[in-house]
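Here the structure is laid out as structure tokens; the discussion comes afterwards.
Every read-out reported here was derived from the displayed coordinates using simple, explicitly stated rules and does not represent laboratory data. For clarity, every value in this text was computed on a predicted model and none was experimentally measured. No Cβ is skipped: glycine too gets one built from the backbone with ideal geometry, and neighbour counts run over all protein chains shown.
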Amino acid sequence: MKRDLKRRAFLKNAAALATLVGLPGALTFANADRNELLDAACQTLPGPGKSVIGLKVPPIKEVKAAVIGLGNRGEEHARLLNAVGPGKVKLTAICDIRVDVANRTLDFLQKNGGQNPAVYSGKEEAWKELLHRDDIDLVTIATPWEYHVPMALYAMQQGKHVAIEVPCAYTIEDCWKLVNTAEETQRNCMILENVCYGDEEMWLLNMVKSGVFGHLNYAECAYIHNLKELLFSKTYYYKMWRIRHNEARDGNLYPTHGLGPVAQYMGMNRGDRFDFLVSMSSKQANLDAYAREVESDNEFFNRTEFKHGDMNNTLIKSQLGRSILVQHDVTTDRPYNRINMLAGTKAFHKGYPSQMSVQGKEHDFLSDDDYQEYRLQYAHPLWTKLEKEAEKNGGHGGMDFIMLWRLVDCLNRGVPLDMDVYDAAAWSVVTPLSELSVQLGSVPVRFPDFTRGRWAEQRELGVMANP
Ligand SMILES: NC(=O)c1ccc[n+]([C@@H]2O[C@H](COP(=O)([O-])OP(=O)(O)OC[C@H]3O[C@@H](n4cnc5c(N)ncnc54)[C@H](O)[C@@H]3O)[C@@H](O)[C@H]2O)c1
């Protein structure tokens, strides 16, 4: 009898879990057992279209761009696309559900260069009307996570290229939808992982590809950012959307800032791939504690039982045997850190602050002078070319400007984008896979292969091949 009850409880939880992480065909998993859940998570789904690996579209002389979502992040997209400048890109339309927010960006654009995009606002689905316009080549999406996929799918179906904020999707099924729709429509679907364009990250990428690190075996990376105050703010995020994810879900909710650059150093989807992960979260205490301190009219005042553990550690093993530690901590008082640690057979690097050691040094990092020599010798050509503009326009130290400049430049030149939909899916799917692992007691969970076998092809990253 007792065992029966336990089994029934597991089945109920399994069904809830299948829905939470968005297993393809979740509803049929009402009776799933643990192994069936794990098998479903990594299954390769058939796709109706042809692969978009290396997708090239005809050069677009001046890209006509639109931005959907003009909050903290989207306002930056509009500002920086404006800075990339007429001749390369023109903003034809912008959208935010909030009229005042949309008008704030319009006002900025009119006063800074005189662009005058059409404004879509004031209703839940104004973005659909925007996407019906025929003077848009590229749409960037910076809305709360739950809107990313429906907006991106519809945009591609209307023939637009899309670039989506991070993470692009947070269920397995939605990752597949992005892949299948990009293939069906033969449109670009890029993940806007700005950290891949950081000065330090591009320098490291250049060193790795030039052989300075030898063979790469191990990396550590993270998103460690104390967001407590912002999560509980009644106004910072639209309708407090972000804390609701911490309330309901436990795993690595925001993996790509740390992982994206590491995936590029290690050539994931370009000769290697993520094979499986195990994930473990610590107990949650920080959000409960903070909830006691906020004003009593805050809807999260005195709330307890937030699901998200204070620290999530996820370990990924690659097909070729590499391993990567990815951490997620948005609630402790640890200062901001993405770690950016990389160990090869010839060299080692860690970030915060950036320090490096090279073969033969037993105890010490390189001296400042030696370190600077590496910085100079291996500075990435894109940063060398755009440094002044990046400094002037900023955006996380210039990386945001470089990312958008580069996205537009690839479209202007008709060369493949640096990150494709398979990167978007493989980096974003860490979230639901880590949730599954955590819920099932930190068991190994295999990755789906979104490339359907093509990960093994050795391909050079665009930003190295055509900087
Ligand atoms: N890459 C980075 O460094 C970085 C930094 C911050 C945020 N982000 C990402 O950017 C995205 C947005 O985050 P944010 O901090 O700007 O959040 P935000 O709440 O400030 O902005 C979201 C915006 O979407 C708008 N919106 C909501 N529903 C809409 C709808 N139906 N139609 C049109 N607009 C709608 C809201 O009014 C709001 O202005 C998230 O995916 C987040 O993870 C990335």
Open item on the list: Let's see if you can work this out: charge +1 on each Lys and Arg Cβ, -1 on each Asp and Glu Cβ, no other charges. What is the dipole magnitude of region 169-220 about its Cα centre, in debye to the nearest 20?
Closed with: 200
Task: Signed unit charges on C-beta, dipole axis of region 340-435, positive-most listed residue 429, 349, 405 - done: 405
Task: Range in the chain, longest, excluding exposed GluC sites (Glu not before Pro) [loop by DSSP; at most 14 other beta-carbon atoms within 10 Å] - done: 126-292
Task: Hydrodynamic radius (Kirkwood) for region 310-455, which is based on Cα pairs only, to one decimal in Å - done: 18.9
Open item on the list: Over 26 Å between Cα atoms: which of 239/307; 317/350; 123/228; 56/350; 209/350 fall into that group?
Closed with: 123/228; 56/350
Task: For peptides 438-444, 322-328, sequence by mean Cβ density within 10 Å, most packed first - done: 322-328, 438-444
TODO: Specify which residue in the list 294, 326, 304 is farthest towards the positive end of the charge dipole of region 292-345, using unit charges on the beta carbon of Lys, Arg (+1) and Asp, Glu (-1), about the Cα centre.
DONE: 326
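Could you line up 88, 239 from fewest to most neighbouring Cβ atoms inside 10 Å?
Neighbour counts put them in this order, fewest first: 239, 88.
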Task: Dipole moment magnitude, nearest 20 debye, the chain about Cα centre, only Lys, Arg, Asp, Glu C-beta charged - done: 940
Task: Euclidean distance between Cα centres, region 201-218 to region 312-333, Å - done: 19
Task: Rule-of-thumb Rg ratio for region 72-188 [Cα; 2.2 N^0.38 Å; N residues] - done: 1.05
TODO: Give me 256, 332, 105 ranked fewest to most by other Cβ atoms within 10 Å of their Cβ, as a rough exposure proxy.
DONE: 332, 105, 256
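What is the order of 174, 288, 199, 134, fewest Cβ neighbours within 10 Å to most?
Working: 174 25, 288 15, 199 19, 134 9.
Ascending number of Cβ neighbours within 10 Å: 134, 288, 199, 174.
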